[in-house]
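The block underneath contains the structure these notes are about, expressed in structure tokens.
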Amino acid sequence: MKILVDNGHGTETPGKRSPDGVLREYAWNRLIATRIVSALTDLGHDAQLLVPELTDVPLPERCRRVNEICRLLGKDNVILISIHANAAGKGDKWLDATGWCAYTTRGDTKADALASCLYDAAKFHLPGQRIRTDYTDGDPDLEADFYILRRTIPPSVLVENFFMDSRPDCHFLLSESGQQAIVNLHVDGICRYLASAA
């Protein structure tokens, strides 16, 4: 299974930072995505960054890269995880939103199983933290028509790792223990999915 890890945004993306400017989402996403890929590779899995560049590679190009790999390997042999940090506002003030969540497209898809594995791992690796869910369709993931989810072929999940404009969440995102917990939950969730799909 080819595991593609997308690190959202780039150096020139406007906003996308904590109100104090300490956390910049493009850099945080790349740090976490790189650590996830490294951990999966160490476990013997075929994982790679979708966007090795620091620039904000446009969404159509990101999707083209994913779909080209699917055409080469087969859509059932690829999964995509898109790594993000959430924000409740425009990044100009601290707000109260908090928590971790994952998104899939609307409807029942193979991505729902991947997202559910990530949720199971999040419950284990994020004790005491808020896990944001929506069980209206029977599973915990939230659903949205995000471009990278709609326009890619394989099971694809976009993960929002806490809120960079929440002081407690931002502190967690910048801490080594928080970063390791987030890396661990992604690696564990992906491995759970691969085991269930074997």
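The values are calculated or read from the model by the stated rules, or taken from the named source; none is laboratory data. What you see is a predicted model; the values in this text were computed from it and never measured. Methodologically, a virtual Cβ is constructed for each residue, glycine included, from the backbone with ideal geometry; neighbour enumeration extends over all protein chains shown. What goes into the accessible areas is simple: the full protein's heavy atoms, side chains included, and nothing from ligands, DNA or RNA. Shrake-Rupley method; radii C 1.70, N 1.55, O 1.52, S 1.80 Å.
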- Task: Return yes when Asp42 is open to solvent by 20 Å² or more (accessible area, probe 1.4 Å), within 23 Å of Asp188 (Cα to Cα) and in contact with a strand residue (DSSP E or B) (Cβ under 8 Å, 6 or more places away or on another chain) and no when it is not.
- Result: no
- What's the number of the condition Val37 fails, among (1) open to solvent by 10 Å² or more (accessible area, probe 1.4 Å); (2) under 18 Å from Ile69 (Cα atoms); (3) touching a residue at least 40 places away in the same chain (Cβ under 8 Å)? (3)
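From the list Asp96, Asp165, Asp137, Asp145, exactly one residue is more than 17 Å from the chain's Cα centre (by Cα) and modelled with pLDDT under 95. Which is it? Outline the logic, then answer.
Working: Asp96 fails: modelled with pLDDT under 95; Asp165 fails: modelled with pLDDT under 95; Asp145 fails: more than 17 Å from the chain's Cα centre (by Cα).
Unique residue meeting the criteria: Asp137.
Here are Ile69, Ile83: which of them is under 17 Å from Trp28 (Cβ atoms) and in contact (Cβ under 8 Å) with a residue 24 or more places away in the chain?
Details: Ile69 fails: under 17 Å from Trp28 (Cβ atoms).
After ruling out the rest, the residue left standing is Ile83.
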- Pairs, please: C-beta under 6 Å, at least 6 apart or cross-chain, first residue touching a residue at least 12 places away in the same chain (Cβ under 8 Å) and in the stretch 43-66, second open to solvent by 60 Å² or more (accessible area, probe 1.4 Å) and polar (S, T, N, Q)? Ala47/Thr41
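For Arg71, indicate whether it is of a type outside the set (Gly, Ala, Ser), farther than 17 Å from His9 by Cα, open to solvent by 70 Å² or more (accessible area, probe 1.4 Å) and outside any loop (DSSP other than H, G, I, E, B).
yes
Quick grid of which residues meet (1) open to solvent by 40 Å² or more (accessible area, probe 1.4 Å); (2) on the phi < 0 side of the Ramachandran plot:
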| site | (1), (2) |
| --- | --- |
| Asp96 | yes, yes |
| Asp112 | no, yes |
| Ala121 | no, yes |
| His125 | yes, yes |
| Gly128 | yes, no |
| Glu143 | yes, yes |
| Pro154 | no, yes |
| Asn161 | no, yes |
| His186 | no, yes |
- Item | For Ala27: the one exception among (1) open to solvent by less than 20 Å² (accessible area, probe 1.4 Å); (2) farther than 24 Å from Pro155 by Cα; (3) not charged (D, E, K, R) | (1)
